[in-house]
1. Can you give me the number of residues within segment 125-177 that are assigned by TED's automatic domain parsing to the domain that holds His297, part of a loop (DSSP other than H, G, I, E, B) and crowded, with 20+ Cβ neighbours inside 10 Å?
2. Is it fair to say Ser179 is at pLDDT 95 or above and polar (S, T, N, Q)?
3. Going by the conditions given, is Thr137 more than 23 Å from the chain's Cα centre (by Cα) and of a type in the set (Val, Ile, Thr)?
4. Could you please find all residues in segment 235-259 being β-branched (Val, Ile, Thr), within 19 Å of Ile294 (Cα to Cα) and either surrounded by fewer than 14 Cβ atoms within 10 Å (Cβ to Cβ) or within 25 Å of the chain's Cα centre (by Cα) (or both)?
5. Which residues, counting only those in segment 222-262, are of a type outside the set (Phe, Trp, Tyr), within 30 Å of Leu114 (Cβ to Cβ) and outside any strand (DSSP E or B)?
6. Kindly list, by first and then second residue, each pair from a residue in segment 68-84 that is on the phi < 0 side of the Ramachandran plot to a residue that is in a strand (DSSP E or B) and surrounded by fewer than 16 Cβ atoms within 10 Å (Cβ to Cβ), limited to pairs with Cβ atoms under 8 Å and residues at least 6 apart or on different chains.
7. I'd like the full set of residues that are farther than 19 Å from Ser232 by Cβ, under 22 Å from the mean Cα position of the chain (by Cα) and either without any contact (Cβ under 8 Å) to a residue 40 or more places away in the chain or not assigned by TED's automatic domain parsing to the domain that holds Ile299 (or both), limited to segment 178-213.
8. Kindly indicate whether Gln219 is closer than 26 Å to Glu304 by Cβ, part of a strand (DSSP E or B) and at pLDDT 95 or above.
Amino acid sequence: MSLYCGTFFRRKSFWCYRLLSTYVTKTRYLFELKEDDEACRRAQQTGAFYLFHDLDPLLQASGHRYLVPRLSRAELEGLLASLPKSEMEAELRGSFIKLRQAVFQLDSMDSSLLFTAQALLRWHDGHQFCSKSGRPTKKNMAGSKRVCPSNKIIYYPQMAPVVITLVSDGARCLLARQSSFPKGLYSALAGFCDIGENVEEAVQREVAEEVGLEVENIQYFESQHWPFPNSSLMIACHATVKPGHTEIRVNVRELEAAAWFGLDEVAAALRRKGSFTQQQSEASPLLLPPKLAIAHHMIKKWVEKQNCSSMAA
């Protein structure tokens with residue numbers, strides 16, 4: 001099992017890891033790194049590091065995938081001391097690439113670490129001053145918090161809660177797309193939770209706002225940290241529409257299109273082979289989110305449940 005701790009500087013981030021044996025050991029060690037600057041400083045001596053520039057990670061292209069070079073502290077300090085951005089890219093045979101562009105072509109472990117690192121970098125960049133005193137805040141060595149020296153207020157990184165909901169009428173599931181999506185891509189409905197709402201209320205409101213439907217039987221599925229737009233906690237739920245109320249009324253201010261899709265069409269889209277970038281070029285009627293996205297797993301679970309129901313019948 002691996003543990004990763006981060007130390008963040010003004011323009012770059014260092015991301016290090018140490019192999020540990022159990023979850024409890026890992027968690028306790030991580031807590032120590034977050035709270036003890038000296039422990040974090042020692043960990044940096046033997047850690048491996050990821051390199052960022054203006055929130056963009058350095059990645060190496062390998063076919064249809066991206067690899068993330070891991071550097072020792074000595075290697076990283078040498079690069080930062082002597083090379084400008086373009087020379088770093090040449091030396092490491094990679095490029096600083098926007099994470100949104102590369103997200104579906106990353107290894108799952110690398111993507112999780114890069115998500116966390118970028119989210120913390122963005123948070124530090126936007127919280128350099130105390131909202132009460134106006135004075136500069138100071139981060140701890142691990143980058144897990146910022147403190148105002150004048151009033152000792154501690155600021156911690158935050159995530160915005162987002163509900164993502166797969167709606168079903170029993171035989172079909174509802175999928176939607178925004179104009180910014182790749183051609184043919186449809187996904188589950190999603191939206192930020194409002195102040196004062198619980199998850200169930202947020203699901204009901206978002207579905208009503210975006211497609212004009214009332215839902216019931218809301219069931220939690222699972223959650224996922226998602227770095228876009230500014231570090232979100234995706235709370236995935238399944239829901240069903242009330243019987244006889246399936247007419248979709250698309251809110252064009254939120255969506256480009258929404259439609260009901262049957263089991264056969266959705267199952268075929270899940271079985272389609274090839275990378276996400278390859279699939280975008282295919283003339284397919286339906287393209288689903290890749291495996292890295294929680295929406296993919298929601299849709300897959302719905303297909304499995306429908307298949308089980310059919311077999312039981």
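1. Residues that pass the stated criteria total 0.
2. The answer is no for Ser179.
3. Judged against the criteria, Thr137 is a match.
4. Residue satisfying the conditions is Ile235 alone.
5. Pro227, Pro229, Asn230, Ser231, Glu254, Leu255, Glu256, listed by residue number.
6. Val68/Gln60; Pro69/Gln60
7. Those that are farther than 19 Å from Ser232 by Cβ, under 22 Å from the mean Cα position of the chain (by Cα) and either without any contact (Cβ under 8 Å) to a residue 40 or more places away in the chain or not assigned by TED's automatic domain parsing to the domain that holds Ile299 (or both): none in segment 178-213.
8. yes
The values are calculated or read from the model by the stated rules, or taken from the named source; none is laboratory data. It should be emphasised that the depicted structure is a prediction, and the values quoted were computed from it without experimental measurement. Counting neighbours? That spans all protein chains shown, and the Cβs are built from the backbone with ideal geometry, glycine included.
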